[in-house]
Each structure stands twice: as structure tokens, then as C-alpha cells.
Amino acid sequence: MVRVPEHERLVLDNGATVILLPRREVPLLACQVLLRGGSVVDPPAAPGVASLVAALLEKGAGERDAYAFAEAVEGAGGSFGAVAGPEAIALRSQFLARDQGLMLELLADTLREPRLEAEEFEHLRARQIEFIKAVKDSEPAELIDAYGRALLFAGHPYAQPVHGSEASLGRIAHAHVLDYYRTNFGADRLILVLAGDLDIHRAEHDVRAAFADWPNAAVRTTLGVPPSQAGRRVLLIDAPEAAQTHFWIGAPGVDRRYAHRAALDLVNTLFGGRFTSLLNAELRIKSGLSYGARSGFVRGSVAGEFAIRSFVETAKTARAIHMALQALERLRRDGVSAEMLASARAYTLGQYALGLETAADWAAALADIEFFGLGTSYIDEYPARLAEVDPQAARRVIDEAFPTSEQVTLVVIGDAARIGGQLGEFGPVINMRLTDPEFAPPI
């Protein structure tokens, strides 16, 4: 039975939320920080600022320059990293329990006194631009989500690429980074979880000393619901002479607080969440068209996307897309049986327990449920909710959360000269080149 361990939750007078969870199996202390904001509060014309801010947090803070900061972490045998997501900047850290004071000192300096130096900014921005170019040359499928979201959520912050595009990164100045920090960093945005071999009273004292007088962020933000779409659309991204086609089939999904999460997880496991799924069986096991096909939901504060992803030989592009859409229609037509649900339930429960074993796992999980206001029942009651899912409950989420084949957006990366003529049957085609410096198609 997986249950949230005993822990203490504090809300400081300035709005900072702190969660302390003792787990003394090993002498390690894990920290997970979420700072509300992320890429959804990037300037609309310059997505990528939050990602650069996150990267700069590791490049010196307080009295330590980048070298001294890295030396302090490595010298203690610890780890420290920051990354931007759509709705938050996350910091993850792990140290020996004896170095709790050092970990909190580094964390407080990082959040309250980051150096954000211009020279480091220029280096990181240039490196990110070159990284995107390199991925386009070697693994363009790694970017297909960015293309998909740019089209699916056009006009909404979810459309913005978290790490920016070549063009948007080129528009970002050092002043954007400084303005993002001044506007979006503050105590009321902070969720801090410490889990591991800790003394709660000492940890509470140290956290209060570090953050109790931190002012709030300059602004409050709200995230609207993404716009709905009508009809099927196709975005073709030309990768000349590509031997394979990568495709993404997406539609608006559900948010993180969706009430029927357990049924949703089981149905998606059966449709595209494991090797023996309906989708993978059609595209890989039976037909041999692809080495793999999968589906999943991205669920944020508001509805993110449901997406199918796969790749095939160029000549088989249209056939594979047809089969994926037919699999989706088969799910909506036939639903799933009690026997199928029993199999998915056993699989899901086994995977669930494996994700909540270490102190770092629990730090991340508690930060997540705090961020979305889910409560500990989100974890404690999940196995029981899985046990309650029957074919009728599955049918409800299929109807509510899974799109019809006519409600999807298609993104295809491949050789346009060979596949362009095949794609018109799926809907109006918008054309881009892989070398274009933006992920969003021209309006």
C-alpha cells in the first residue's frame, strides 16, 4: 500500500509553502522547489526567458561565482539543478544529511541573490540556439511537441516553446532575464519540500531564517483556458531526404484536477501507454510499420494536450497515420472490457509503486500535489480509485477526454517532396521547413 508518509506542512507569513518529510533510511536529504511562473509568463514575443533564467540559477549566487558555486556543490558530493517548465521553474537538490545547512544556504542564495551575469547569459543563449539547430539535424522528433503545441494552442501561453526557438532566443536580451526575475521571483510563488534524513525542528528553523523575510513577487498571474479548435489540421515540416517520417496527432485534453484520473490512466495504458497497447499493436506488432507508437496526456493547471506519437518509413507515412486514426476511432467505438481493465490495473499499480521509493521521489510528488492543490488523497486513494474503474467508467473518460479522429491536429516531420501529396486527405496542410527559426507556422 502506497501512502504519503507523515510530514509537516508550513505556510510562512509571506506565503511561502514549506513541506518537511523525515525519511531516515539513508543519510541523504532531497530538496524539490517549485517556483510558480515558468514559460507561460514569458514575454509573448520572446519565449525562452524562463529557461535561460533557470539555467543561470546554477551559474553563481550570493558571494559565489559560477566556479565557486559548482565547487561548493561538488565538494560536498551533492547535486543541484534547475529547469523551467510550462508553469514553474523547478530546482532539485540532494546532499548528505550532514550538509543540510550548506544545501539551504545555496538554495537561498540561488533564489534570492542569483548573479544572472550578462556574460553567462550570452554564453547560455548561444548554446541553446546551437542545441536546437543540432537537434533539428540529428533528432528532429525531439522537437515535435513544440511544433504541435504551437499550432494546437495558438494564442495561448501553452503554445510558447519552453526553451525558446532560434528566432525567439535571438530576440532575448539580458534585460529580459533581469525583468523576469524581478517580476516573478518571490515568497508567494515558492513551494519548498525537504525529504530525507532531517530533524524537523532544525529544518523549520533554517528554512524560516532563509526565507521568512523574502518579499512577494511583483505581479500575480492567471492562466486562461486554451481555445477550442474546429476540424482537422495538418502541419507539414519539410526535412528534405529524410528516411523516416515522425508524426504527432494531438488535441486538447484535460487538466490536472480531472476527477476521473484513475480511469483515464487505465484507458490510456490500454490505448497507447505500454508495449501491448492497442496503438502499438497496430503500428508495430501486427503491421511492422513502426518501432513504436505511444499516447499520453499532458495535464496542467488547465487542459493540456492528448497526443499520439510515432515514426515510420517515409513511403508508409499515410498508411501509418490512417492506422493511428483508425485505432483512435476503434477505442471510441468499442471501449474496453473488464478483462482489459484488469490487465491495465495490474500494470499501472506495479509502475506506480516504483515511482515512490526514495526521498527524492517523495519530495517531487509532494511538491507536485501542493502546486496543483490536489491533497494527499491524490496519492493515498489512487489504488482504491483504480480498483473501482469498470467499463462504464472507462466509457465516460473515452467520451470526455479522447478526441474523435476528426478533432485532431497533425504534425508531420518528413520529406515533403515524397509525402506532401499524401497528406491533403487528412485536412488543410500548412507548410514549414525544418530550417525555419520558429516553431509556430506563419499566420
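A short reminder: the numbers here are calculations on the coordinates, not readings from a lab. Everything quoted here is computed from the prediction, not taken from an experiment. Here the Cβ positions follow ideal geometry from the backbone for every residue, glycine too, while neighbour counts run over all protein chains shown.
The distance between label points at F372 and A338 comes to 3.0 nm (points 7 Å beyond Cα on the Cα→Cβ vector).
Only bridges with both residues in the chain count here: give the DSSP antiparallel percent, nearest 5. Here the share of antiparallel DSSP bridges comes out near 75 percent. Each of T358, A384, N431 was scored by the projection of its Cα onto the charge dipole of the stretch 285-432, and the greatest displacement toward the positive side belongs to N431; charges sit on the C-beta of Lys, Arg, Asp and Glu. With contributions of -39500 (n - 2.57) from each DSSP H run of at least four residues, the per-residue ellipticity at 222 nm computed over the chain stands at -12500 deg cm²/dmol. In the stretch 233-433, taking the dipole from charged Cβ atoms about the Cα centre, the farthest positive-side position among G304, S405, V254 is held by S405. If you run the Gaussian network model on the chain, springs between alpha carbon atoms under 10 Å, then out of V411, V336, V162 the most flexible one is V336. The ranking of T245, T222, T314 by Cβ neighbour count inside 10 Å, starting from the fewest, reads T222, T314, T245. The relative contact order of the chain comes to 23 percent, based on Cα pairs under 8 Å that sit 6 or more residues apart. When the chain is treated as a Gaussian network with alpha carbon springs shorter than 10 Å, the biggest mean-square fluctuation among D99, D334, D368 belongs to D334.
Placing +1 on the Cβ of every Lys and Arg and -1 on the Cβ of every Asp and Glu, with nothing else charged, gives the stretch 8-211 a dipole about its Cα centre of roughly 460 debye.
About the Cα centre of the stretch 233-433, how large is the charge dipole given +1 on each Lys and Arg Cβ and -1 on each Asp and Glu Cβ? Please answer in debye to the nearest 20. In debye, rounded to 20, the stretch 233-433 gives about 480. Between helix 261-272 and the chain there is an angle of about 50 degrees, using the helix long axis and the longest principal axis of the Cα atoms. Give me the angle, in degrees from 0 to 90, between the Cα long axis of helix 118-138 and the longest principal axis of the Cα atoms of the chain, rounded to the nearest 10. Tilt of helix 118-138: around 20 degrees. Averaging Cα coordinates gives a centre for the stretch 333-394 and one for the stretch 87-107; these two points are 29 Å apart. Using only side-chain charges placed at the Cβ, +1 for Lys and Arg and -1 for Asp and Glu, the dipole size of the chain relative to its Cα centre rounds to 1440 debye.
The slack between Y352 and R330, meaning 0.36 nm per residue of separation minus the straight C-alpha distance, is 5.2 nm.
Each residue of the stretch 46-57 was assigned a 3J(HN,Hα) from its phi angle through the Karplus curve 6.51 cos²θ - 1.76 cosθ + 1.60 (θ = phi - 60°); the sequence is 9, x, x, 5, 4, 5, 5, 4, 4, 5, 6, 4 Hz, with glycine and proline shown as x. With both labels modelled 7 Å from their Cα along Cα-to-Cβ, the I200 to A315 distance reads 6.7 nm.
Of the residues P215, A150, P22, the one whose Cα sits farthest toward the positive end of the charge dipole of the chain, with +1 on the Cβ of Lys and Arg and -1 on the Cβ of Asp and Glu, is A150. Using Cα springs under 10 Å in a Gaussian network model of the chain, which residue among P226, P27, P161 shows the largest mean-square fluctuation? Maximum fluctuation in the GNM of the chain, among the listed residues, is at P27. Given their separation in residues at 0.36 nm each and the Cα-Cα distance between them, R433 and A154 gain 98.6 nm when the chain is fully extended.
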